Every structure is written in structure tokens, then in C-alpha cells.
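These notes concern the structure reproduced below.
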Amino acid sequence: MLKHVNKSKAPHAIQSYRVPVLIPSVILSLLVVIFFFHNNGQNLTSLPSIPREKSEIFDSPMQFNPSVEFRNGTDLIWQIPDSPKALLFVAHGCNGRAVNFWDRSPSCPKCIGLPEERLLVLNALSRKFAVVTVSSAGRCWTYGKELSIVRDIIRWWVAKNKLERLPLVALGASSGGSFVSVLATILQFSCITLMIAEGMFDQMDITKDYPPTLFVHMPKDLYRQQKISEYRKVLRNKGIDVAEVECIQFPLTPSFLAERIPGLDRTASAQLFELFRDKGFVDENGYMKKDGRATRWKDSLRKSKNQLLDTSLFHHVQEELNLAFAYHEMTSLQSEQIFKWFEFHMS
């Protein structure tokens, strides 16, 4: 549980492995290796992963058909594939909701299907993970009563669907990552992934039973990178498996947005790319000059004579621009590494 301690700790230099957020198509066949640490880091196991293009995910036979329920004051949405092998709880970041992870469908008419969230779920379902998402009570997650509420919801969902024999894992992004790091002290997970989050390890009593932890983060965020380096050493000194994947900036291309966002065609994607280049939002190589949140692309789009983008997709495009800049955004592009981590620790 949480405790109050002095946060001023010196950073430690720990070897890390950097994985580009997006690999150009000419080197998609190259293997990207992530190293999983065991105990004090002396025993290493390498697990290869091959980055995959969007089209492979979209062509998957897996379809969204979630169940929706309101329980204990919040909404939860889940889907269970045939013959599931594991259970995945996913916690969104600040301003997120459970509906962000699922496409709109007859079973979930209010679902939004943001690009990175939906691809994470599709990756999970295609690997036979049952997925459950829960909305936070407020803008961000809190660490008091909400912890026990979510714990009880997950336990209820597991029992309701008779899934008690399957391993349970968790992924949380930003505020959700911090929440998962604490939730793991009151709910048993086989392992966890903290995305763009350092966790709350300076405010918790960590025992040897704490689950193996993978950090997926963007090193442009120097403060978070330093804290993750520090907390990796704390966890490893406790004998806990820990690893990290670094996500770095990548250039936009004329087809990128169409490849990531359902409902956005290649013509509109190319026109948006030209707009970003004409307005100086990207450099000569296609790299975002600023985070998408700090780029006035929406204003420029509204002033454009052509109706390039429906306003309902503004949030979707914003997410992908943030992802390309690689400072602080949910990402599905490391799904191969994330699910290899889960699968490796589920036995």
C-alpha cells in the first residue's frame, strides 16, 4: 500500500534497450530484441519481435463484440475470445474512458475506438487474452477507495465468467500505469506493464511477491526516464523481474494516419500531411517539431478551404501526432514486446 517517503533519490545508470516507435518498411523484417531480466539481472532471456504494419492488424479475423455493464459506480467493458488463455485488465490515462478501447458497435454504441487503444485490445484478443477495461471515477485515477472498487470489479468479472484458473495480467498508461502499480499490491497479477508511467514505487512497500514489471516509456520525458531508471534498480534489488522498452520519435508519412485510423482514407491522410508540412508543423524529414498537443493543427485545419477531416476524428489524429512526437502517449506499436512479456511470465 502507499506510504510517504522522501522522493529525492539519485538516478542510477541501468542498461536499457531502445526500440523505435515505428520502423520504416524497408527494415520491417529486422528483429527487435527485448531482454527480460531475471532476479538480480544475471540471467537474461532474449525474445525477438517483428514490428507489424497496421494492415496486418486490420485484416485480423478478430472483431469487436464487447459486453458493457455499469457496476460499483463506473462502467466496465470486456470481451472474451474463444478458449482464452489469460486475462488482461487495462487502465486508461487521465481524461480517458473505457469506451476509448472499443470500436462503436451494436453492443457498444457509445464506444469511440481511439487508434492506439483499439489496436492494443485487438492484439490482446488475437492472442487469446480476455480483456476488461474500467473507467476511472474522475478525470484521473485515485489511490484510496477506488483501488478496492476496481479490485472487487475485477474479481467479480473473473468469477462471473468462471475464469479463475487463468493468469491475470495488467497494463496501465500514464495515470493508469501509476494506478496499476499500486493495484498490484492488493490484487495478484502474473506480471504488469506500466506505459508512460514510472509507478508509485517511492510510496509503496515492495515485497518479493510483487509482479514482474515492464516499463514502456518515451525517453524524451527526461524526468520519467530518470525515475524509471531509479525504480528499475529498486525492483531488481528486491529480486523482481524488470525490463524496459524505450519508444522514440518517428517521422510522419503521407499514408500514416490512414494506416492507423479507421475511417480516414489515404487521400485525406496525404492532404493532412501536406497541410502539416506547409504550415511548418513537421520538418523536412517529416518529424513533428512539437508535441501534437502544442501544435495548432486544428486551427489550421478549420481555416482550410477543404473539409479534410470530420471533427469526430480530431481526437484520433491528435493521438497519432502525439505518438509520432513520442513524449507522452499510449502506444500499440510495442504490442509484440508487451505480449511476449506477458506470455513469458504467465506459466
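The values are calculated or read from the model by the stated rules, or taken from the named source; none is laboratory data. What you are looking at is a predicted structure, and each value in this text was computed from that prediction instead of being measured. Cβ coordinates were reconstructed from backbone atoms using ideal geometry, including for glycine residues, and neighbour counts include every protein chain displayed. We work out accessible area using only protein heavy atoms, side chains counted, and drop any ligands, DNA or RNA first. Shrake-Rupley method; radii C 1.70, N 1.55, O 1.52, S 1.80 Å.
Taking 0.36 nm per residue of separation and subtracting the Cα-Cα distance, what length does fully extending SER347 through SER304 add? Could you put the intermediate results ahead of the total?
Working: separation 43, 0.36 × 43 = 15.48 nm, distance 5.46 nm.
Using 0.36 nm per residue and subtracting the Cα-Cα distance, I get 10.0 nm.
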Inter-probe distance in nm under a simple model that places probes 7 Å from Cα toward Cβ, at PHE314 and ASN72: 3.5
Rounded to the nearest 10 Å², the accessible area of TYR327 at probe 1.4 Å: 90
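Relative to the present Cα-Cα distance, how much length would full extension add between ASN237 and GLN188 at 0.36 nm per residue of separation? Mind dumping the intermediate values first?
Working: separation 49, 0.36 × 49 = 17.64 nm, distance 2.05 nm.
Net length gain for the segment: 15.6 nm.
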Per-pair calculated FRET efficiency, R0 = 41 Å: SER126 and GLU164 via Cβ, rounded to 0.05: 0.95
Cα gyration tensor category, rounded, prolate or oblate, for segment 147-263 with a/c compared to 1.5: oblate
Cα-based Rg / Dmax (Å) for segment 256-325: 10.9, 29
Probe 1.4 Å, protein heavy atoms only - accessible area per residue of segment 223-267 in square angstrom: 38
